[in-house]
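Below: the structure, in structure tokens.
The values are calculated or read from the model by the stated rules, or taken from the named source; none is laboratory data. This one's a predicted model, so the numbers in the text were calculated from it and none came from an experiment. Heads up, the Cβs are rebuilt from the backbone with ideal geometry, glycines too, and the neighbour counts pull from every protein chain shown. Heads up: the accessible areas ignore ligands, DNA and RNA and are worked out on the full protein's heavy atoms, side chains in. Shrake-Rupley method; radii C 1.70, N 1.55, O 1.52, S 1.80 Å.
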Amino acid sequence: TNPGFVVRITQAGLDYAHQQALTFLEKELAQLKLPDISGEFRVLRVGKVRYELSRLGLSSFHLPYSRITLVPNVGLQVSISNAFAELDGNWRVKVYFIRDHGSFDLKVENIYIKINLKLGSDSSGKPTADTSSCSTRISEVQVHFSGRLGWLYNLFHGAVESRFRKILESKVCESVDTLVHSELQPYLQTLPVTARIDAKAGIDYSLVAPPTATSQSLDVDLKGEFFSLAHRSPIPFPPLALAFPSDHNHMVYFGASSYFFNTASFAYHAAGALVFDITNSMIPKGTEFHLNTTTFSAFVPQLEKMYPEMPMKLRLSAPSAPFLSIGPEGLSLRPVVDIQAYAILPSSSLAPLFLLSLVSNVSAVVNVQSGHLVGSLQVGRMKLSLKKSDVGTFQVRTLQSIMNIYASSILLPRLNDRLKEGFPLPLPDRIQLSNILVRFHQNFLLLGADVHYQPR
């Protein structure tokens with residue numbers, strides 16, 4: 001099936017992530033622990049020479065040139081060239097009864113590292129990363145010994161450099177593999193595949209397939225589905241395909257389909273959250289219309305005789321989950337709302353008065369704030385019709401103005417207050433978004449952004 005939500009990471013986004021990771025890798029490589037080296041060899045007219053190199057430590061490791069590339073249908077490749085490192089340590093040598101010791105410096109230049117990363121997903125729908133291959137090649141090693149027996153050091157100079165090369169080549173890839181499993185993989189697992197929004201609903205952002213590398217971007221397909229916390233039921237409609245535009249000016253893009261938004265409507269309706277009561281205490285001060293039978297008797301004459309001078313309550317509910325549509329012109333919906341009017345009797349029980357149906361055109365404004373998708377609704381023309389009356393017939397159109405006031409001054413502000421809180425976007429830890437782009441396309445909302453990573 002199609003995803004309900006898509007995350008696209010462009011080459012610019014990968015380059016930024018690569019630079020962050022490279023800084024970390026450089027620090028880790030500079031802390032490599034190298035084993036002591038010892039050996040012996042025989043020299044004509046000299047005899048057996050024993051040597052030992054200890055307390056080996058890297059003083060620096062620099063990765064000046066590197067790049068990350070997309071390997072279509074495979075994953076990512078990191079290539080590092082012309083890296084160099086500096087080491088120091090102590091040496092000890094023994095020839096017959098001659099002993100000497102001192103320190104040494106070693107320079108390693110023209111280090112080439114190639115790392116292939118395979119991206120996938122686990123059973124919970126979280127992203128995974130693994131090192132599918134790693135190779136290190138060192139073309140130049142120079143060691144300088146300090147001490148009195150210069151002629152002797154030159155005898156095992158070549159052997160030491162060769163062993164250093166093999167050890168360091170092995171250790172670099174061991175360190176890369178360790179970092180992928182101890183740092184990158186746990187970080188990817190911080191992506192919230194399920195996010196609780198409030199007491200009613202949550203969002204499922206689990207991966208529906210492993211990330212896909214193309215020649216231009218890394219695409220991650222997510223379920224993108226809201227669900228009721230009380231009872232999760234299958235969504236009775238499928239997600240539509242998203243035709244992403246070829247825009248690569250931002251580091252990351254989010255594609256939120258109409259399916260994503262409509263599952264929110266479905267989940268909140270299933271959770272019973274689309275029911276709203278209006279009482280007189282909620283009427284803004286200064287409003288001429290009070291919510292009581294005295295006010296409404298001007299529109300429904302029978303109320304004055306049947307329920308004189310009694311407070312009223314309006315219960316608004318959606319008979320079905322309202323569906324929205326997304327097109328190039330924006331995001332809109334046409335909800336149907338039932339308005340049941342009650343008289344509140346002296347005993348506090350409710351007497352049904354009439355049931356209205358309200359249909360309205362609603363448009364939405366969408367933005368991103370603090371990693372959340374936020375919005376606000378704007379209500380257009382409303383149309384009322386009478387579905388049922390327990391107080392006789394009356395002209396519904398006369399109620400149009402008062403219902404407009406209740407909707408615009410009470411219902412809409414409360415809905416917009418909730419939408420201002422927003423819904424979390426699928427972001428791993430310590431990621432902040434900036435330079436936000438919002439565009440509407442057929443069946444989906446496109447969000448573009450640049451990324452800033454905040455280290456611990």
Seminar exercise, completed: Residue pairs qualifying under the 6 Å Cβ cut-off, at least six apart or on distinct chains, with the first in the range 376-388 being assigned by the TED database to the domain that holds I339 and closer than 21 Å to P413 by Cβ and the second being in a strand (DSSP E or B) and small (G, A, S), are L377/A364; Q378/S363; V379/S360; M382/S360
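Would you please name the residue that is modelled with the highest pLDDT, looking only at residues in the range 1-39 that are among the aromatic types (F, W, Y) and in contact with a Leu (Cβ under 9 Å, 6 or more places away or on another chain)?
Let us first name the residues in the range 1-39 that are among the aromatic types (F, W, Y), namely 5, 16, 24.
From what is left, the residues that are in contact with a Leu (Cβ under 9 Å, 6 or more places away or on another chain) are 5, 24.
On the way: F5: 97, F24: 90.
Among them, the one singled out is F5.
Quick check: is even one residue across the range 359-369 over 28 Å from L240 (Cα atoms) and of a type outside the set (D, E)?
Scanning the range 359-369, I find no residue that is over 28 Å from L240 (Cα atoms) and of a type outside the set (D, E), so the answer is no.
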Problem set entry | Exclusive hit being open to solvent by 60 Å² or more (accessible area, probe 1.4 Å) and touching a residue at least 24 places away in the same chain (Cβ under 8 Å), set Q142, Q185 | Q142
Seminar exercise, completed: Checked against (1) more than 14 Å from T263 (Cα to Cα); (2) out of contact with any Asp or Glu (no Cβ under 8 Å at 6 or more places or on another chain), T190 satisfies every condition except (2)
Problem set entry | Answer residue from the range 338-367, given it is touching a Pro at 6+ places or on another chain (Cβ under 8 Å) and open to solvent by 30 Å² or more (accessible area, probe 1.4 Å) and is nearest to S265 (Cα to Cα) among those | V359
For this session: Select from the range 99-114 the residues that are charged (D, E, K, R) and closer than 22 Å to L53 by Cα and write down the one among them that is most open to solvent (accessible area, probe 1.4 Å).
Result: R99
Problem set entry | So S389, is it out of contact with any Phe, Trp or Tyr (no Cβ under 9 Å at 6 or more places or on another chain), at pLDDT 95 or above and of a type in the set (G, A, S) | no
Exercise. Out of P234, P245, which single residue is touching a residue at least 12 places away in the same chain (Cβ under 8 Å) and in the same structural domain as I431 (by the TED database)?
Worked result: P245
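Quick check on this structure: which one of V74, V78 is open to solvent by less than 80 Å² (accessible area, probe 1.4 Å), touching a strand residue (DSSP E or B) at 6+ places or on another chain (Cβ under 8 Å), β-branched (V, I, T) and not assigned by the TED database to the domain that holds L218?
Working: V74 fails: open to solvent by less than 80 Å² (accessible area, probe 1.4 Å).
The unique qualifying residue is V78.
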Problem set entry | Boolean, A321 is on the phi < 0 side of the Ramachandran plot and assigned to a strand (DSSP E or B) | no
For this session: Please enumerate the residues belonging to the range 379-407 that are under 27 Å from R439 (Cα atoms) and surrounded by 13 or more Cβ atoms within 10 Å (Cβ to Cβ).
Result: V379
Seminar exercise, completed: Scanning the range 72-96 for residues that are under 39 Å from the mean Cα position of the chain (by Cα) and modelled with pLDDT under 90, the one farthest from L25 (Cα to Cα) turns out to be N73
For this session: Give the number of residues within the range 212-229 that are surrounded by fewer than 18 Cβ atoms within 10 Å (Cβ to Cβ) and either in contact with a Gly (Cβ under 7 Å, 6 or more places away or on another chain) or in the same structural domain as G75 (by the TED database) (or both).
Result: 1
Exercise. Taking R137 and the conditions (1) open to solvent by less than 20 Å² (accessible area, probe 1.4 Å); (2) at pLDDT 95 or above; (3) under 24 Å from G39 (Cα atoms), which numbered condition does it fall short on, given that it satisfies the others?
Worked result: (1)
Exercise. Of all residues in the range 368-378, how many are open to solvent by 70 Å² or more (accessible area, probe 1.4 Å) and closer than 20 Å to I436 by Cα?
Worked result: 2
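Pull up the range 194-206, narrow it to residues that are of a type in the set (A, V, I, L, M) and either open to solvent by 20 Å² or more (accessible area, probe 1.4 Å) or touching a His at 6+ places or on another chain (Cβ under 7 Å) (or both), then point me to the one that is nearest to A129 (Cα to Cα).
Residue satisfying both the conditions and the ranking: I197.
Okay, residues lined up against (1) among the charged types (D, E, K, R); (2) part of a loop (DSSP other than H, G, I, E, B); (3) modelled with pLDDT under 95; (4) open to solvent by less than 60 Å² (accessible area, probe 1.4 Å):
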| position | (1), (2), (3), (4) |
| --- | --- |
| H231 | no, yes, yes, no |
| P234 | no, yes, yes, no |
| P245 | no, yes, yes, yes |
| Y259 | no, no, no, yes |
| V300 | no, yes, yes, yes |
